[in-house]
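Everything on this sheet refers to the single structure shown next.
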């Protein structure tokens, strides 16, 4: 029963991530429902995990031995859910700062925080490295291909491709696309597939 629910949650996660990425790529907008849906889905998954196990998973943080000033194995336990929420909140704060400075859009900030909520303390680092690499690759591909911009504007390409190049000339990128691809690549880590 719980395996089926977990599979359905994973499919819903994939759908929302793909929808957000393609929406940002085609229209430079990520609907709020995508980010809010990811947060609600995370709450549902946490509830299902709580039902499946007698207690919530915890992370052990090492304690500090004040005499020898070294870390010990006997520390305190923090619920994994609290760590994920803290990560999501931290990413949201940093994303809001980037949005206020004009580096990313507001939808990208919410979308990034909502996807980071799922990653956990170890996965968030891998997710951010993947995201950075994918954003860099996207920017480089657009930069190199913009050298042939006359072919883009004169050709019979879809309107969203022409809009993508026009926005790129204004130093705007649909960061939701690399965020979505990075989140999709993290699905095996998130859901232990």
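The values are calculated or read from the model by the stated rules, or taken from the named source; none is laboratory data. Because the structure is a prediction, the values reported are computed rather than measured. Every residue, glycine as well, gets a Cβ built from its backbone with ideal geometry; the counts of neighbours run over all protein chains shown.
Could you go through segment 26-40 and let me know if any residue there is outside any helix (DSSP H, G or I), modelled with pLDDT under 60, farther than 18 Å from residue 186 by Cβ and more than 15 Å from the chain's Cα centre (by Cα). Among the residues of segment 26-40, not one is outside any helix (DSSP H, G or I), modelled with pLDDT under 60, farther than 18 Å from residue 186 by Cβ and more than 15 Å from the chain's Cα centre (by Cα), which makes the answer no. Please work out if residue 125 is out of contact with any strand residue (DSSP E or B) (no Cβ under 6 Å at 6 or more places or on another chain), farther than 18 Å from residue 180 by Cα and at pLDDT below 95. For residue 125, the condition - out of contact with any strand residue (DSSP E or B) (no Cβ under 6 Å at 6 or more places or on another chain), farther than 18 Å from residue 180 by Cα and at pLDDT below 95 - is not met.
Looking across segment 166-193, the residues that are assigned to a helix (DSSP H, G or I), surrounded by fewer than 16 Cβ atoms within 10 Å (Cβ to Cβ), more than 16 Å from the chain's Cα centre (by Cα) and without any contact (Cβ under 8 Å) to a residue 60 or more places away in the chain come down to 166, 169. What do you reckon, is residue 139 over 13 Å from the mean Cα position of the chain (by Cα), in a helix (DSSP H, G or I), modelled with pLDDT under 85 and over 19 Å from residue 9 (Cα atoms)? Spelling it out, it is not the case that residue 139 is over 13 Å from the mean Cα position of the chain (by Cα), in a helix (DSSP H, G or I), modelled with pLDDT under 85 and over 19 Å from residue 9 (Cα atoms).
Only one entry of 90, 98 meets the criterion of being part of a helix (DSSP H, G or I), free of Cβ contacts under 8 Å to residues at least 60 places away in the same chain, farther than 19 Å from residue 183 by Cα and out of contact with any helix residue (DSSP H, G or I) (no Cβ under 6 Å at 6 or more places or on another chain), and that entry is 98. Against the test of being out of contact with any helix residue (DSSP H, G or I) (no Cβ under 6 Å at 6 or more places or on another chain), at pLDDT below 95, exposed (fewer than 12 other Cβ atoms within 10 Å of the Cβ) and not in a strand (DSSP E or B), the options 44, 85, 22, 4 yield a single qualifying residue, 4.
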